[in-house]
Each structure stands twice: as C-alpha cells, then as structure tokens.
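Enquirer: Dropping the structure in here first, questions after.
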Amino acid sequence: MEKLVIEGGIPLHGDIRISGAKNAALPLMAATLLCPGEHTLRNVPNLRDTRTMIRLLEYLGVKARREGDVLYLNSTCLEHDDAPYEMVKTMRASVLVLGPLLARCYKARVSLPGGCAIGERPVNFHTAGLQKIGARCDIEDGYIQAEAEGGLKGGTVYFDIPTVTGTENLLMAATLAAGKTILKNAAREPEIGNLVDMLNSMGAKISGRDSDTLTIEGVHALKPADNTIIPDRIEAGTYLIAIAASGGAGRVTNCCSAHLPSLVEKLRQAGLDVEEGDSFISIDSRQGSALTCVDIQTRPYPGYPTDLQAQFMALMTLAEGSCTIHETIFENRFMHVAELRRMGAKIKTDGRLALISGLGRNGLRGAPVMATDLRASSSLVIAALAAEGRTDISRIYHLERGYENLVEKLSGLGAKVWKEQE
C-alpha cells in the first residue's frame, strides 16, 4: 500500500488544469445503459471510481474502450440486469445504474452501495421515487430489487430534501416512462445540468434545467450520446484552497467559475485576491496580510458544497481569530478533525458544528496522518502543503477515487510531494 509524502512550507505558484468532473462522469456513464449503440463521452477523468464504473458496465454487457480522456461505451447487448455487491462496495454512485436498467430492461437488482463512510445516504429517496412512476421496489438481502412490468409510467415525485443521485436516477428512468414525470425539490448541482444536456441530446424531452422542478416527457426510444463531461468544480476548489493555504499564487484553468459562487465569496471574505474568467479562476495570497477566519455552513447547491468543507477547514486553521463550520448535509463528515489536530490544529466539535481557533500562517507542523475518506484526504494534503516539515499521509487510495494525477499536478506548482510504499 502506498502513502503520500509532502515536504511543506513551500508557496505554490503556476497554472493547473482541471480534469473532468467525477460526479458528472459517473451518471453520464450510467446513462449509456438507456439505449443500444456506441456512446462517446469526452473529458472523462481516469480515476479509481470511473474505472470501477467501467468494470460494472462491462459486467452488464457494455463494451468499453478508452482513448486518452475519450471513453467509448457500446451498450447494444446487455447481458445482466444486476449490480453485484463485489463490484459496487467501494463506490456510492453505483446505485445510478438502477434507474437506467429499470427503464430499459423493466427490472434491476442492485446491491446497496458502499463508498466513503461520511454518514447515512439512504436509498429510500430512489426507491420511493421509482415507485411513484410505476416500479415495485423491495430491499432484500442487501439488494434493491425493482421491477416495472410493462414499463414505467409518468408521475409526480417530491423529494423531502434535494438529493443529487436520487434526482439523477429518477431523471434517467423517467426519460423512457410513458407520459409526463415531474420532479419537485430536485437537486440543482451543475453535474445534473450536464446529465440533462446529455439526455436531451439523446432525444429526451426534459425542461427546467438548473431549477428545482424538472419536467420529463417520456419518449419511446433514445439514440446514442456524444457528450463532454464538465470540469470538476470540487477539484478546482481544492487546488484554489491549496494555493491559498501555501501562501502562493496561481490559477486553475479549464474550469467554470460560475460553478463555485459560494467558495469564491468565502475566499474573498478570508482576505484573498480572487479573479474570475470564463474558464479560469486565479488566487493570490502573497500580499502578506493574515487570513481572516470565516464561518461556513454547507448547503445544497448553490450553497457552500459539503465536498469542500474539509478543505476549507484546513485553510481556516491557518487564519487569525476563530470561526465555525456547520455541516448540514452529512452527520459524520468531521473525521479529518482528529488528523488535523495531530498537525497542531485547534478544533473542537459538537455534533455537526466545528469551532476552529486559527493558528496563523505558520501554525501547522508535519506529522504522520491517515486519510479516512475522499475529501478528508484532500484536507490533509492542503494542511501538509502549508505545514512546516514532513507529513506522511496513509490510505491514499481515497484520494485516487477523486483526484486525477494529484502528484504530477502539485509538483507542477512547485510542491515537494511523492509516493512511497508503506
């Protein structure tokens, strides 16, 4: 098993190109199950999670071929309508094959998925929604078993809380349902807009993009897709925070600043110089003034993203004063706190609330730490880049689920970072 080693205290400088979004690629890959033919997806990141999804699709009968960042998926002949536990246990997004399989094959058997242990993410939003459009769903022996004899039928689905994967699953399923389906209180993340664009290009009739009400007029058949994955806003945000924490200046390119409104505002409130362009965001923390502590509260999009909460916490440990971070999305997303404390951070937690007492720019020290989930891992990388001395981060397989070529990208900014065997 490998670990990541970082010699910190070096300001990062330069440009860094952002990869395609993992959280957009996975539902778009699942959507290729909706109709036969060869689909083309561009700007697909090469990550542990996308490779896992490819293996799952291949098990289902899809023929996959990758050329650089272009992925060709031929779903003409499906061989299975089930997703076994052994194939989905490491990735929460595997549940996204449920809707497409049900829409095309009228039945599906999908294992309850795994992924990061950051809190309860119940599948009842998915099953309850599918039942509203004509499916029969049961959970038995760790599997979701769904059937829609004669096909799905349009209906109205109201989500108690906005759910990204729930919205995506229902969107895909409803494209082939008879009649009209309305999704109310739907999630509004940019990744969902990417999926809507793909489905519409395949012949679906979906209106309400970027709103919390999506209307789907079911069609009899779809055609193969040729679509591009949007840039990864979480990767972009992570590198912006990393540059700021290191005391450097740089620019993330091939990104969409409109996808990160809340982060950009919080970085400016912290005293950082941020400039936005059509396809870049630059940040400069060299002006010498201290970072200002800023409170955040995670919210569904366009609020502050839960996937950037741990990274911002690492930045706030280097600020002056104190602030609070309120995690409203997942109840177990402070597992990075104990590891940051090993590096000298002063953080107290009470349930979903964390109080950070900033140490100032030079407050953290390198230490051996352990990654506990994907975004917690990146917070430790940020802390290590800012800390004096060497930090060893174990269990970096978490990082490889969501960050493409992390070592190469950080090295390109001047960081001293490499991998070693544990």
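Enquirer: In nm, give the distance between the simple-model label positions of residue 338 and residue 223, each being 7 Å from the Cα along the Cα-to-Cβ direction.
Expert: Modelled inter-label distance: 5.5 nm.
Enquirer: Still on this structure: Any idea what diffusion coefficient region 113-258 gets from Stokes-Einstein, in µm²/s, Kirkwood Rh on alpha carbon pairs, 4 °C, 1.567 mPa s?
Expert: Working: Rh = 17.1 Å.
It comes out at roughly 76 µm²/s.
Enquirer: In addition: Provide 86, 7, 2 in ascending order of the number of other Cβ atoms located within 10 Å of each residue's Cβ, fewest first.
Expert: Values: 86 9, 7 17, 2 14.
Lowest to highest Cβ neighbour count: 86, 2, 7.
Enquirer: Specify the inter-centroid distance of region 189-243 and region 337-361, based on alpha-carbon positions, in whole Å.
Expert: 36
Enquirer: Return the subset of 63/419; 89/346; 22/89; 180/266 for which the Cα-Cα distance in this structure is over 29 Å, preserving the input order.
Expert: As for pairs spanning more than 29 Å Cα to Cα, those are 63/419; 89/346; 180/266.
Enquirer: Considering only 256, 108, 6, whose Cα is most displaced toward the positive end of the charge dipole of the chain, charges sitting on Cβ of Lys, Arg (+1) and Asp, Glu (-1)?
Expert: 6
Enquirer: Regarding the chain, what is the average projected area of its C-alpha convex hull, in nm²?
Expert: 18.2
Enquirer: Let me check the size of region 288-366 from its C-alpha atoms; what are the radius of gyration and Dmax in Å?
Expert: Answer for region 288-366, Rg first and Dmax second: 12.0, 36 Å.
Enquirer: Oh, and also: Could you check how many percent of all C-alpha pairs in region 305-416 are farther apart than 19 Å?
Expert: Percent of Cα pairs beyond 19 Å in region 305-416: 41.
Enquirer: What ranking of 3, 107 emerges when the number of other C-beta atoms within 10 Å of each C-beta is taken as an exposure proxy, fewest first? Intermediate results must be reported in sequence, preceding the final value.
Expert: Values: 3 19, 107 16.
Neighbour counts put them in this order, fewest first: 107, 3.
Enquirer: Using only Cα atoms and rounding to the nearest 10 degrees, what angle (0 to 90) does helix 374-386 make with the longest principal axis of the chain?
Expert: That helix lies at roughly 20 degrees to the long axis.
Enquirer: Compute the length gained on full extension between residue 254 and residue 69: take 0.36 nm times their separation in residues and subtract their Cα-Cα distance, giving the result in nm to one decimal.
Expert: 65.2 nm
Enquirer: Listed highest first by mean packing, meaning other Cβ atoms within 10 Å per residue, what order do 370-383, 331-344 come in?
Expert: The densest-packed peptide leads the list: 370-383, 331-344.
Enquirer: If packing is taken as the average number of other Cβ atoms within 10 Å across a peptide's residues, how do 304-312, 71-79 rank, most packed first? Walk me through the intermediate numbers first.
Expert: Values: 304-312: 25.1, 71-79: 17.1.
The packing order, highest mean first, is 304-312, 71-79.
Enquirer: Separation of region 6-23 and region 384-422 by C-alpha centroid, Å?
Expert: Their Cα centres are 10 Å away from one another.
Enquirer: Follow-up. Can you tell me how much longer the chain between residue 289 and residue 346 gets when fully stretched, taken as 0.36 nm per residue apart minus their C-alpha distance, in nm with one decimal?
Expert: Gain on extension, residue 289 to residue 346, equals 18.4 nm.
Enquirer: Using the Cα centre of the chain as the reference point, and only Cβ charges (+1 on K/R, -1 on D/E), how large is the resulting charge dipole? Debye, rounded to the nearest 20.
Expert: In total the dipole reaches around 200 debye.
Enquirer: For region 80-175, what are the per-bin percents of Cα-Cα distances with bins 10 Å wide, up to the bin holding the maximum?
Expert: 17, 55, 26, 2
Enquirer: In region 281-325, whose amide N lies under 16 Å from the spot 7 Å out along Cα-to-Cβ of residue 161? List them in ranges.
Expert: 297-309
Enquirer: Still on this structure, I have one more. Once amide H atoms are built 1.01 Å from N in the peptide plane, which residues 5 or more positions from residue 176, or in another chain, come under 5 Å H to H?
Expert: Here 219 satisfy the definition.
Enquirer: Which listed residue (175, 37, 302) has the Cα farthest towards the positive end of the charge dipole for the chain, taking +1 on Lys and Arg C-beta and -1 on Asp and Glu C-beta about the Cα centre?
Expert: Of the options given, the answer is 302.
Enquirer: Shifting gears a bit: If a paramagnetic tag sat 7 Å from the Cα of residue 131 along the Cα-Cβ line, which residues of region 175-190 would have the backbone N under 13 Å from that point?
Expert: none
Enquirer: So what's the back-of-envelope 222 nm ellipticity for the chain, counting only DSSP H runs of four-plus at -39500 (n - 2.57) apiece and dividing by all residues, rounded to 500?
Expert: -8500 deg cm²/dmol
Enquirer: Return the inverse of the average 1/r over all pairs of distinct C-alpha atoms in region 22-228, which is the Kirkwood hydrodynamic radius, in Å to one decimal.
Expert: Kirkwood hydrodynamic radius for region 22-228: 16.4 Å.
Bear in mind these aren't lab numbers, they're just calculated from the coordinates by the rules spelled out. Quantities reported herein were computed from a predicted structural model and do not represent experimental measurements. Every residue, glycine among them, receives a Cβ derived from its backbone with ideal geometry; neighbour counts consider all protein chains shown.
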